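The values are calculated or read from the model by the stated rules, or taken from the named source; none is laboratory data. Values in this document were obtained by computation on a predicted structure and should not be read as measured data. With ideal geometry, Cβ positions are generated from the backbone for all residues, glycine too; neighbour counts draw on all protein chains shown. Each accessible area value is taken on the protein alone, full model and side chains, heavy atoms only, with ligands, DNA and RNA left out. Shrake-Rupley method; radii C 1.70, N 1.55, O 1.52, S 1.80 Å.
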Amino acid sequence: MLGGGGLVAANVYASASEGGWSGQGSGGAAGASLRSAGMATIDCPDVGARLTDVPEAARGDVDRELAQLDQQIAEAYQRLQQSADALRQDPKAADNSVMNPLKDKRAATLGRIADAIDRAGNRPDQLDALAPCTLRPAEAAPGGESAAPSQSGGGQDQGGQGQNGGTGQGGNGPVAADYADINSVQPNAPKAPPGGTFRTECGVNENGLFNSDNVIVAPGVSNGAHHFHDYVGNQSNTAFASDQDLADAKTSCADQGDKSTYYWPVLRLQNGKQERDAGAPGGGTEGNAGQIVTPKEVTLTFVGSPSGKVTEMPRLLRIITGDAKAFVNGPANANASWSCTGFEDRQLKDKYPLCPSGSDVVRSFHFQSCWDGRNADSANHRTHVAFADAQGNCPEGFKAIPQLVQRIVYDVDAPSLGDGGKSTPLFAVDSFPEQQHKPVTDHGDFINVFDEGLMRTMVDCINSGRNCGPGDDGKGDDGNGGTAQPGEQPGGGQNTAEPSATAEPEKPAESQPEKTEQPGKTEQPGKPEQSAQPADTAPAGQPAQSDSAAAPRVDATTAPANTTKNQGGATQRDESSAPATAAAPQVSESAPAQAAAVTTPPPANLEPQAVGNGGLAETGANLWPAALGVLLAASGLVMLLRARRLRY
């Protein structure tokens with residue numbers, strides 16, 4: 001009986017403490033050491049960003065070696081976490097155990113990169129100078145938990161936890177200071193310009209298509225991203241997909257002429273749940289743990305240029321927006337935007353939003369809208385495209401193309417920061433291990449696989465001021481509720497659903513909490529009080545972010561009607577949820593760029609476990625020790641009763 005009871009108790013405890021790196025719970029010794037150590041990170045020069053001129057014949061070898069560099073950083077970061085206790089006692093010990101071996105490995109890899117380029121062209125100068133990395137304490141990391149308040153309105157410690165409050169299920173973030181009350185942010189999103197739009201509908205990845213590859217940055221390398229992606233559109237996107245594979249693939253898009261691939265890092269709840277990638281590269285073994293959240297809504301809209309006509313995108317054009325390494329690279333290429341439904345005139349760049357009751361989390365990406373007119377990709381995957389300036393003008397030699405605006409909505413509650421997410425779990429995007437799940441690292445990827453006829457329809461709709469979508473045969477809406485024929489200008493060229501420059505979008509009934517109320521979808525007993533006073537928020541009309549780049553614009557309602565929940569559970573129209581052209585930082589050849597990594601393939605057919613309490617298979621796998629314990633305890637009781645009966 002005692003043995004059976006012990007099995008039951010042990011199983012319950014184990015089920016409650018699963019997760020973390022290599023199966024270690026974030027509440028264990030490693031997690032505690034990380035919290036006390038301040039979650040230092042490894043900062044290495046982004047080699048891929050510097051390689052702007054790689055001969056075509058050398059790109060395959062260079063991409064594979066760049067992936068090795070990322071793999072080396074991931075392994076070093078894991079060693080750093082595993083030796084956190086010793087390093088807390090003697091920080092200099094990290095040089096011999098972590099940093100010097102990493103430098104030696106990087107030097108060898110950089111030598112192979114230089115040799116590959118030398119065989120096909122001119123050997124790059126001083127590449128070996130990029131071998132050393134820095135062990136950066138949390139307070140020194142760009143975008144980290146520094147003493148200086150953030151410009152996103154969340155610089156003050158949230159929920160009384162201080163800079164190390166809550167380390168997430170994987171033990172490497174996020175922390176409380178990564179979140180900000182959306183009510184503390186001043187309106188900062190520019191008004192959307194008039195013009196036509198083209199909408200494509202490709203679902204929300206309800207099929208559960210995930211992998212940790214990145215065919216743009218690390219073709220031919222499994223786990224090249226070191227974090228998991230959601231995929232919509234093209235259903236054949238893996239690291240090994242050729243251009244022909246993408247062209248021949250099935251698509252989740254309503255219009256079968258759109259086989260483009262759209263992908264972004266998954267969002268997870270740090271709730272202790274173990275997905276099937278818990279022990280796999282890109283997943284739990286690299287700090288990406290917790291329940292993968294399926295988006296509630298995904299809107300994909302292409303918009304035009306405020307300065308003139310747009311031209312067709314070249315087939316198989318590849319675009320990356322944002323920087324997956326912005327936590328250590330700095331914000332030069334960061335392009336994340338976080339907000340809440342009903343509040344999309346307020347955009348956060350380096351914080352996750354705390355949304356009030358009835359409001360959903362929104363992440364959006366405004367892609368580059370200028371193309372060099374020659375290349376479908378470039379060595380660092382950035383210099384062949386660029387952002388337009390504030391007036392919508394492209395750099396010299398670049399052409400305006402339709403701008404992709406991705407808007408992804410999640411039905412997740414505001415986390416309970418006061419108890420580290422125990423009452424209501426933290427949420428965060430997947431990231432490279434050393435990037436610590438920072439919101440500034442959010443990014444989106446796109447490969448154009450539109451057929452030529454549909455691309456022409458897109459450009460015609462945009463240039464003629466119509467709002468087109470699946471099933472309208474390219475006729476579209478003229479912006480005044482009518483249908484415009486190709487070439488016909490809509491009345492006034494102005495979308496009548498567009499909000500005025502001064503009007504704020506409708507907000508849910510609970511969107512103005514008391515000054516000490518913690519924002520959240522449901523009131524949590526025992527939640528700490530939180531001041532609603534803005535902390536270093538940007539003035540009206542300025543971006544609420546930690547860099548000088550202009551925030552992406554919110555949209556007029558040219559996409560399908562989006563809704564937000566009100567207090568009674570009914571829906572109301574969200575007037576701030578469609579796309580717009582945005583001024584964004586100019587791309588430069590010396591700016592940091594995203595690179596990829598790793599060579600160990602993840603298990604095949606990775607899919608998340610059932611959302612909620614898990615499927616029958618998961619339940620049986622987790623509870624069989626408890627069932628055995630119950631059986632043993634019952635057997636002991638029967639034997640005890642029989643012994644008593646024989647005695648008397």
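Data for the structure
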| item | result |
| --- | --- |
| Placed amide H near Tyr352: partners under 5 Å, 5+ positions off or other chain | Tyr179, Ala180 |
| Cα principal axis extents for segment 335-428, largest first, Å | 53, 28, 17 |
| Amide H partners (placed H, <5 Å) of Lys259, local residues excluded | Val449, Phe450, Asp451 |
| Long-range amide H partners of Ala225 with built H, under 5 Å | Asp213, Asn214, Ala597 |
| Accessible area of segment 251-365 divided out per residue, in Å², using a probe of 1.4 angstrom | 20 Å² |
| Phi to ³J(HN,Hα) by Karplus 6.51 cos²θ - 1.76 cosθ + 1.60 over segment 314-329, Hz, x for Gly, Pro | x, 4, 6, 4, 10, 9, 10, 10, x, 9, 5, 10, 5, 4, 9, 6 |
| Protein-only accessible surface order, largest first, of Arg59, Arg88 at 1.4 Å | Arg88, Arg59 |
| Globularity ratio of segment 386-470, using Cα Rg and 2.2 N^0.38 Å | 1.64 |
| Carbon/sulfur fraction of accessible area - segment 348-392, other protein chains in place, 1.4 Å, % | 44 percent |
| Protection proxy ranking of 346-357, 293-304 - average other beta-carbon atoms within 10 Å, highest first | 346-357, 293-304 |
| Relative packing of 43-54, 367-378, 207-218, which averages over residues the other C-beta atoms within 10 Å, highest first | 207-218, 43-54, 367-378 |
| Accessible area of segment 227-306 belonging to carbon and sulfur atoms, whole % at 1.4 Å probe | 47 percent |
| Derived scalar couplings ³J(HN,Hα) [segment 227-243; Karplus, 6.51 cos²θ - 1.76 cosθ + 1.60; whole Hz; x for Gly, Pro] | 7, 8, 10, 7, 10, 10, x, 4, 9, 10, 7, 9, 4, 9, 6, 7, 4 |
| More than 17 Å apart - percent of Cα-Cα pairs taken over segment 180-290 | 64 percent |
| Estimated vicinal HN-Hα couplings, Hz - segment 285-301 in sequence order (Karplus 6.51, -1.76, 1.60; Gly, Pro = x) | 5, 10, x, 9, 10, x, 6, 6, 9, 6, x, 6, 7, 10, 10, 10, 10 |
| Peptides 306-313, 419-426 ordered by average Cβ neighbours within 10 Å, highest first | 419-426, 306-313 |
